[in-house]
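Some notes on the structure that comes next.
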Amino acid sequence: MSNYIESPDNQRFKAWLKLLRHKYRERQQEYLIEGSNILRDALGANAEIKELLICYRDKNGYNLSSYVSPEMAEALQEAGVKVFFLSEALFDRLQDTENGRDVIAVVKMQGFENFDDVRAFHQKYNYLAGHCDTDEHTSGICQDSNERSRNIIVLDRLQDPGNIGTIIRTCDGAGFMAVIVMKGTADIFSAKVIRSAAGSLFRIPIIRLDNSEKLLRLVRDNKLSLVATGFDTDNYYFDEKLDSDIALVIGNEGGGISKEIFDAADRIVKIPMCGEIDSLNAAVSAGIIMYESMRQRKQAE
């Protein structure tokens, strides 16, 4: 069959293999996702799926519906996604995990440059309006946020992929509008970030900026309050107005927030600490403050 690949010298396979590297992902503006669950999330957010790679099994043959649900198979066919079947040996070389997933998709990076792009995204996919989705991942629990706030979160040179993915996922759950990723932050399209984000990467616009000047211009142009976390302040986060129009900055796990951004902050807030520790994990800190923001929004309704 022409779309069955078993040779490691195949040019398409070599191109997919390169997508495991950050440099090549950036050059091609494409990345890989693994598994049918995250593929369903990508389809649901209308992500641009370029190709679908399937680990060929004799028992399933070349029937797409034997590897994904009939609904997903129909959506993939309607989108004109090219499907390729790979030998198990080649497929395993493309996997980042050993969980025996049978599908990998090549996805086009979606670029967001400003708030107009962000608003257009949310309006198009109905995430600004009341959005409720129930499936096996939410155990039938409906998201009860009426609408997304104008809040955004800024990741300033974070390095841990688990932290980054978890913050993106929490940003989605807490009703934040977008994530800004500053230069020096780890690759948001790495397999570990994608797994930790659990599908939210497709639902939350990501704006990537290469310097603090662009960040501050975006914040001021959109009349947001720049909120940073720190130690030398008497302002506890729960005493501050955080319900909307904030840009919450989360800094590097070891070095904190860069001086240029910290000095430009409109407000510095802190999380109270007991015991012998002086700080929390970056993703935990971000989650605490984001959900305080949601609490304030819900209380004001």
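No lab work stands behind these numbers, since they all come straight from the coordinates. Source: prediction; values computed, not measured. FYI the Cβ positions are ideal-geometry reconstructions off the backbone, even for glycines, and counts take in every protein chain you see.
Key figures for this structure:
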read-out: Residues 115, 85 arranged by fewest to most Cβ contacts within 10 Å; value: 115, 85
read-out: Segments 230-243, 254-267 sorted - mean Cβ within 10 Å per residue, highest first; value: 254-267, 230-243
read-out: Span from the region 242-295 Cα centroid across to the region 150-186 one, whole angstrom; value: 12 Å
read-out: Inter-site label distance for residue 7 and residue 120 at 7 Å from Cα along Cβ, in nm; value: 4.3 nm
read-out: Antiparallel DSSP beta bridges within region 4-108, as percent of all bridges there, nearest 5; value: 60 percent
read-out: Structure-based [θ]222 nm, the chain - -39500 (n - 2.57) summed over DSSP H runs of at least 4, per residue, nearest 500; value: -10000 deg cm²/dmol
read-out: DSSP bridge pairs, the chain: antiparallel proportion in percent, nearest 5; value: 30 percent
read-out: Hz values of 3J(HN,Hα) by residue in region 286-301 - Karplus curve (6.51, -1.76, 1.60), Gly and Pro given as x; value: 4, x, 4, 6, 5, 7, 5, 4, 5, 4, 5, 5, 5, 5, 7, 5
read-out: Share of Cα-Cα pairs in the chain lying beyond 33 Å, as whole percent; value: 29 percent
read-out: FRET efficiency, 1/(1 + (r/R0)^6) with R0 45 Å, evaluated for residue 26 and residue 301 via beta carbons; value: 0.60
read-out: Anchor residue 23: aspartates and glutamates whose Cα lies under 14 Å away (excluding residues fewer than 8 positions away in-chain); value: 187
read-out: Extension gain (nm, one decimal) between residue 266 and residue 77, 0.36 nm per residue minus Cα-Cα; value: 63.1 nm
